[in-house]
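I have placed the structure first, in the form of C-alpha coordinates, so that the comments after it can refer back to it.
The values are calculated or read from the model by the stated rules, or taken from the named source; none is laboratory data. What you see is a predicted model, and the numbers here were worked out from it, not measured in a lab. Backbone-built Cβ (ideal geometry, glycine too); neighbour counts: all protein chains shown.
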Amino acid sequence: MAHTHPTRRHLVRIEVHADTLCPWSYLVKKSLDKAIQAFTRRYPDVEFEVLWRPFYLYPRLTRGTNKLSLYHKEVDSNLLTDMIQAAGLKHGVQFRLDGTTGPSRGSHKLIALALQQRGPQFQSEVVEKLFRGYFEEGQDISDHAWLVQVGKQCGLASSDILVALRSKTASSSIDEEARGAGTEREVRAVPSVTVQGRVRIFGYQDPEVFGDAFEKLRMTDYA
(Lines give C-alpha, C1' and ligand atoms only; values in the text may rest on other atoms or scores of the structure.)
Protein backbone atom coordinates (compact mmCIF):
# COMPACT_ATOMS: atom_id res chain seq x y z
CA MET A 1 0.00 0.00 0.00
CA ALA A 2 1.44 3.34 -1.04
CA HIS A 3 1.89 6.01 1.58
CA THR A 4 0.98 9.59 0.84
CA HIS A 5 2.98 12.38 2.37
CA PRO A 6 1.49 15.76 3.28
CA THR A 7 2.58 18.68 1.17
CA ARG A 8 5.44 20.54 2.77
CA ARG A 9 4.41 24.00 3.92
CA HIS A 10 6.72 26.95 3.48
CA LEU A 11 6.38 29.80 5.97
CA VAL A 12 7.14 33.39 4.97
CA ARG A 13 7.57 35.70 7.95
CA ILE A 14 6.90 39.40 7.53
CA GLU A 15 7.36 42.24 10.01
CA VAL A 16 5.66 45.56 9.37
CA HIS A 17 6.78 48.60 11.31
CA ALA A 18 3.92 51.06 11.15
CA ASP A 19 2.07 53.78 12.99
CA THR A 20 -1.71 53.86 13.15
CA LEU A 21 -1.44 57.60 12.48
CA CYS A 22 0.26 56.99 9.13
CA PRO A 23 -1.98 56.92 6.03
CA TRP A 24 0.69 55.15 3.99
CA SER A 25 0.84 52.42 6.62
CA TYR A 26 -2.88 51.80 6.11
CA LEU A 27 -2.46 51.62 2.35
CA VAL A 28 0.54 49.32 2.57
CA LYS A 29 -1.57 46.91 4.60
CA LYS A 30 -4.13 46.86 1.81
CA SER A 31 -1.40 46.34 -0.77
CA LEU A 32 0.36 43.64 1.23
CA ASP A 33 -2.89 41.77 1.86
CA LYS A 34 -3.61 41.70 -1.87
CA ALA A 35 -0.10 40.48 -2.66
CA ILE A 36 -0.34 37.68 -0.10
CA GLN A 37 -3.74 36.58 -1.36
CA ALA A 38 -2.51 36.47 -4.96
CA PHE A 39 0.68 34.61 -4.04
CA THR A 40 -1.03 31.95 -1.93
CA ARG A 41 -3.50 31.31 -4.75
CA ARG A 42 -0.55 30.70 -7.03
CA TYR A 43 1.47 28.72 -4.47
CA PRO A 44 -0.87 26.91 -2.03
CA ASP A 45 2.15 25.45 -0.20
CA VAL A 46 3.16 28.89 1.08
CA GLU A 47 1.90 30.37 4.34
CA PHE A 48 2.47 33.90 5.59
CA GLU A 49 2.91 35.17 9.12
CA VAL A 50 2.60 38.95 9.36
CA LEU A 51 3.55 40.72 12.59
CA TRP A 52 2.79 44.39 13.22
CA ARG A 53 5.39 46.37 15.16
CA PRO A 54 5.08 49.85 16.69
CA PHE A 55 6.59 53.09 15.49
CA TYR A 56 5.80 56.67 16.58
CA LEU A 57 5.52 59.29 13.87
CA TYR A 58 4.48 61.95 16.38
CA PRO A 59 5.86 60.97 19.80
CA ARG A 60 4.99 64.36 21.33
CA LEU A 61 1.46 64.55 20.02
CA THR A 62 -1.14 65.58 22.60
CA ARG A 63 -4.77 64.49 22.85
CA GLY A 64 -7.38 66.73 21.29
CA THR A 65 -5.21 67.71 18.31
CA ASN A 66 -7.21 68.66 15.25
CA LYS A 67 -6.66 65.99 12.59
CA LEU A 68 -6.75 68.32 9.63
CA SER A 69 -4.25 70.73 11.16
CA LEU A 70 -1.92 67.88 12.12
CA TYR A 71 -1.62 66.52 8.62
CA HIS A 72 -1.42 69.94 7.04
CA LYS A 73 1.40 70.90 9.38
CA GLU A 74 3.33 67.67 9.78
CA VAL A 75 2.91 66.11 6.35
CA ASP A 76 2.95 69.38 4.44
CA SER A 77 -0.57 68.63 3.16
CA ASN A 78 0.63 65.45 1.42
CA LEU A 79 -2.37 63.56 2.74
CA LEU A 80 -4.58 65.74 0.57
CA THR A 81 -2.61 65.38 -2.62
CA ASP A 82 -3.93 63.53 -5.64
CA MET A 83 -1.25 60.88 -5.17
CA ILE A 84 -2.43 59.55 -1.83
CA GLN A 85 -6.09 59.97 -2.63
CA ALA A 86 -5.57 58.02 -5.86
CA ALA A 87 -3.68 55.30 -3.99
CA GLY A 88 -6.53 55.13 -1.51
CA LEU A 89 -9.16 54.78 -4.18
CA LYS A 90 -7.24 51.87 -5.71
CA HIS A 91 -7.90 50.04 -2.44
CA GLY A 92 -11.39 51.35 -1.83
CA VAL A 93 -10.20 53.80 0.84
CA GLN A 94 -11.58 57.32 1.03
CA PHE A 95 -9.73 59.38 3.61
CA ARG A 96 -11.50 61.60 6.13
CA LEU A 97 -9.75 64.19 8.26
CA ASP A 98 -12.53 65.41 10.51
CA GLY A 99 -12.39 65.21 14.29
CA THR A 100 -9.50 65.02 16.71
CA THR A 101 -6.51 62.79 17.24
CA GLY A 102 -3.77 62.13 19.76
CA PRO A 103 -0.85 59.83 20.61
CA SER A 104 -0.98 56.34 19.11
CA ARG A 105 0.52 54.49 22.10
CA GLY A 106 -2.83 53.04 23.20
CA SER A 107 -3.55 51.59 19.78
CA HIS A 108 -0.13 49.93 19.73
CA LYS A 109 -0.88 48.42 23.15
CA LEU A 110 -4.09 46.96 21.73
CA ILE A 111 -2.24 45.59 18.70
CA ALA A 112 0.37 43.98 20.96
CA LEU A 113 -2.33 42.49 23.19
CA ALA A 114 -4.08 40.99 20.15
CA LEU A 115 -0.86 39.27 19.08
CA GLN A 116 -0.11 38.05 22.58
CA GLN A 117 -3.55 36.56 23.19
CA ARG A 118 -4.73 35.44 19.78
CA GLY A 119 -1.86 35.41 17.28
CA PRO A 120 -0.86 37.13 14.02
CA GLN A 121 -4.08 36.68 12.04
CA PHE A 122 -6.16 38.12 14.84
CA GLN A 123 -3.68 40.97 15.26
CA SER A 124 -4.13 41.80 11.58
CA GLU A 125 -7.90 42.08 12.06
CA VAL A 126 -7.41 44.54 14.90
CA VAL A 127 -4.95 46.59 12.81
CA GLU A 128 -7.47 46.73 9.95
CA LYS A 129 -10.27 47.96 12.22
CA LEU A 130 -8.05 50.61 13.76
CA PHE A 131 -6.92 51.95 10.40
CA ARG A 132 -10.43 51.94 8.95
CA GLY A 133 -11.97 53.60 11.99
CA TYR A 134 -9.34 56.30 12.20
CA PHE A 135 -8.90 57.16 8.53
CA GLU A 136 -12.37 56.46 7.14
CA GLU A 137 -14.84 56.80 10.00
CA GLY A 138 -13.53 59.83 11.86
CA GLN A 139 -12.49 58.03 15.06
CA ASP A 140 -9.80 59.30 17.45
CA ILE A 141 -6.86 56.90 17.76
CA SER A 142 -6.24 58.11 21.34
CA ASP A 143 -9.84 57.50 22.51
CA HIS A 144 -9.60 54.60 24.96
CA ALA A 145 -13.34 53.97 24.87
CA TRP A 146 -13.16 53.41 21.12
CA LEU A 147 -10.06 51.22 21.46
CA VAL A 148 -11.95 49.03 23.93
CA GLN A 149 -14.83 48.81 21.48
CA VAL A 150 -12.50 47.73 18.67
CA GLY A 151 -10.91 45.08 20.83
CA LYS A 152 -14.28 43.75 22.00
CA GLN A 153 -15.53 43.56 18.41
CA CYS A 154 -12.54 41.36 17.65
CA GLY A 155 -13.14 39.09 20.63
CA LEU A 156 -10.82 40.46 23.31
CA ALA A 157 -12.12 40.89 26.85
CA SER A 158 -12.76 44.53 27.78
CA SER A 159 -11.10 43.95 31.17
CA ASP A 160 -7.89 42.78 29.50
CA ILE A 161 -7.93 45.76 27.14
CA LEU A 162 -8.41 48.24 29.98
CA VAL A 163 -5.58 46.68 31.97
CA ALA A 164 -3.26 47.01 28.97
CA LEU A 165 -4.30 50.58 28.22
CA ARG A 166 -3.75 51.66 31.83
CA SER A 167 -0.56 49.70 32.40
CA LYS A 168 2.65 51.71 32.79
CA THR A 169 4.60 48.52 32.19
CA ALA A 170 2.84 48.02 28.84
CA SER A 171 3.55 51.66 27.97
CA SER A 172 7.24 51.23 28.72
CA SER A 173 7.37 48.03 26.67
CA ILE A 174 5.75 49.64 23.63
CA ASP A 175 7.92 52.76 23.94
CA GLU A 176 11.07 50.64 24.13
CA GLU A 177 10.06 48.60 21.10
CA ALA A 178 9.25 51.74 19.12
CA ARG A 179 12.63 53.26 20.01
CA GLY A 180 14.35 50.00 19.14
CA ALA A 181 12.86 50.11 15.67
CA GLY A 182 15.09 53.08 14.96
CA THR A 183 18.16 52.29 17.03
CA GLU A 184 18.36 48.53 16.47
CA ARG A 185 16.39 47.89 13.29
CA GLU A 186 17.35 51.16 11.52
CA VAL A 187 13.74 51.96 10.69
CA ARG A 188 13.71 55.69 10.00
CA ALA A 189 10.23 56.04 8.52
CA VAL A 190 7.10 53.97 8.06
CA PRO A 191 5.76 51.85 6.61
CA SER A 192 8.73 49.50 6.62
CA VAL A 193 8.13 45.89 5.57
CA THR A 194 10.77 43.22 6.25
CA VAL A 195 10.35 39.84 4.55
CA GLN A 196 12.12 36.77 5.94
CA GLY A 197 14.42 39.05 7.91
CA ARG A 198 16.35 39.81 4.72
CA VAL A 199 14.40 41.94 2.29
CA ARG A 200 13.21 45.34 3.44
CA ILE A 201 10.70 47.37 1.45
CA PHE A 202 10.14 50.99 2.44
CA GLY A 203 7.12 53.19 1.93
CA TYR A 204 3.92 52.45 0.08
CA GLN A 205 4.29 49.97 -2.76
CA ASP A 206 1.83 48.33 -5.13
CA PRO A 207 1.02 44.64 -4.61
CA GLU A 208 3.25 43.66 -7.53
CA VAL A 209 6.35 44.89 -5.69
CA PHE A 210 5.65 42.57 -2.77
CA GLY A 211 4.77 39.75 -5.16
CA ASP A 212 8.11 40.12 -6.94
CA ALA A 213 9.94 39.99 -3.59
CA PHE A 214 8.05 36.85 -2.59
CA GLU A 215 8.89 35.24 -5.93
CA LYS A 216 12.61 35.98 -5.62
CA LEU A 217 12.72 34.62 -2.09
CA ARG A 218 10.86 31.51 -3.15
CA MET A 219 13.38 30.88 -5.92
CA THR A 220 16.22 31.35 -3.42
CA ASP A 221 14.82 29.41 -0.49
CA TYR A 222 12.86 26.61 -2.13
CA ALA A 223 14.64 25.98 -5.42
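Select from the range 202-219 the residues that are touching a strand residue (DSSP E or B) at 6+ places or on another chain (Cβ under 9 Å) and surrounded by 19 or more Cβ atoms within 10 Å (Cβ to Cβ) and list them in ascending order.
From the range 202-219, those touching a strand residue (DSSP E or B) at 6+ places or on another chain (Cβ under 9 Å) are 202-203, 205, 209-210, 213-214, 216-218; that's our starting set.
Once the filter is applied, which keeps residues that are touching a strand residue (DSSP E or B) at 6+ places or on another chain (Cβ under 9 Å) and surrounded by 19 or more Cβ atoms within 10 Å (Cβ to Cβ), the range 202-219 yields Q205, F210, A213, F214.
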Note to self: Return the residues of the range 40-61 that are under 17 Å from P207 (Cβ atoms) and either of a type in the set (A, V, I, L, M) or surrounded by 19 or more Cβ atoms within 10 Å (Cβ to Cβ) (or both); say none if nothing qualifies.
What the structure shows: V46, F48, V50
Next item on the list: Please list, ordered by first then second residue, the pairs with beta carbon atoms under 6 Å, 6 or more apart or interchain, first in the range 179-192 and surrounded by 16 or more Cβ atoms within 10 Å (Cβ to Cβ), second in a loop (DSSP other than H, G, I, E, B).
Entry: A181/F55; A181/V187; V190/D19; V190/C22; V190/F55
Checklist line | Exclusive hit being in a helix (DSSP H, G or I) and modelled with pLDDT of 95 or more, set A145, A87, A181 | finding: A145
Notebook entry, point to check: Do any residues in the range 198-222 that are in contact (Cβ under 8 Å) with a residue 40 or more places away in the chain have Cβ atoms under 8 Å from those of residues that are among the basic types (K, R), where the two are at least six apart or on different chains, and which pairs are they?
Noted result: P207/K34; L217/R198
Item checked: Residue selected from the range 188-203 under the condition of a type in the set (A, V, I, L, M) and part of a loop (DSSP other than H, G, I, E, B), by the criterion farthest from Y26 (Cα to Cα) -> A189
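Out of curiosity, is L165 touching a Phe, Trp or Tyr at 6+ places or on another chain (Cβ under 7 Å), surrounded by 15 or more Cβ atoms within 10 Å (Cβ to Cβ), without any contact (Cβ under 8 Å) to a residue 60 or more places away in the chain and not polar (S, T, N, Q)? Full working, then the answer.
Details: touching a Phe, Trp or Tyr at 6+ places or on another chain (Cβ under 7 Å): no; surrounded by 15 or more Cβ atoms within 10 Å (Cβ to Cβ): yes; without any contact (Cβ under 8 Å) to a residue 60 or more places away in the chain: yes; not polar (S, T, N, Q): yes.
It is false that L165 is touching a Phe, Trp or Tyr at 6+ places or on another chain (Cβ under 7 Å), surrounded by 15 or more Cβ atoms within 10 Å (Cβ to Cβ), without any contact (Cβ under 8 Å) to a residue 60 or more places away in the chain and not polar (S, T, N, Q).
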Item checked: Lone qualifier among L113, L156 - being surrounded by 15 or more Cβ atoms within 10 Å (Cβ to Cβ), farther than 16 Å from T20 by Cβ and at pLDDT 95 or above -> L156
